[in-house]
């Protein structure tokens, strides 16, 4: 959900699904279970960004309607709950050990979305709920000073 993204629109899946980016807050709960040192499972529940807002820009609509970030309801009709689940493997950079982060997840938003499959027949058509999936991987290709414990992350 970053404003600038090297992966283009595909990298915005969480934002399109209603997840708030770092600079915009909606009420949420997140819990992480560290199964091993590297393997984790994470689940989250949050009030969705307004996916059917008046301007079509969910970030702008959220900031205008929820300036404090603590409003559990939304003034935009059809804004409901976003559920997230992620399973991942993450190791921090260490001397001669690059950082690795692999993860896969599912997002389910129970909000009301515009139904573009019926756009020609009924431009006002809506549908409840949407599902999104993602698989991501990051690997540190190069370490500036691979033998230093203080700069292995660089």
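The values are calculated or read from the model by the stated rules, or taken from the named source; none is laboratory data. For clarity, every value in this text was computed on a predicted model and none was experimentally measured. Here the Cβ positions follow ideal geometry from the backbone for every residue, glycine too, while neighbour counts run over all protein chains shown.
Brief remarks on what is shown
- Residue in the stretch 16-39 that is at pLDDT below 85 and outside any loop (DSSP other than H, G, I, E, B) present: yes
- Residue 5 out of contact with any strand residue (DSSP E or B) (no Cβ under 9 Å at 6 or more places or on another chain), exposed (fewer than 11 other Cβ atoms within 10 Å of the Cβ) and either in a loop (DSSP other than H, G, I, E, B) or at pLDDT 85 or above (or both): no
Matching residues to (1) surrounded by 15 or more Cβ atoms within 10 Å (Cβ to Cβ); (2) within 19 Å of residue 130 (Cα to Cα):
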site: 29; (1), (2): no, no
site: 57; (1), (2): no, yes
site: 66; (1), (2): yes, no
site: 77; (1), (2): no, yes
site: 82; (1), (2): yes, yes
site: 86; (1), (2): yes, yes
site: 92; (1), (2): no, no
site: 102; (1), (2): yes, no
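- One residue stands out among those in the stretch 31-52 that are under 10 Å from residue 88 (Cβ atoms) and crowded, with 16+ Cβ neighbours inside 10 Å: the one that is nearest to the chain's Cα centre (by Cα), which is 42.
- Listed by first and then second residue, the pairs linking a residue in the stretch 113-133 that is at positive phi to a residue that is at pLDDT 90 or above, with Cβ atoms under 6 Å apart and 6 or more places separating them unless they lie on different chains, are 129/110.
- Against the criterion of being in a loop (DSSP other than H, G, I, E, B), within 23 Å of residue 38 (Cβ to Cβ), touching a residue at least 12 places away in the same chain (Cβ under 8 Å) and in contact with a strand residue (DSSP E or B) (Cβ under 7 Å, 6 or more places away or on another chain), residue 152 qualifies.
- Residue 13 passes every criterion in (1) closer than 30 Å to residue 142 by Cβ; (2) under 17 Å from the mean Cα position of the chain (by Cα); (3) surrounded by fewer than 15 Cβ atoms within 10 Å (Cβ to Cβ) apart from (3).
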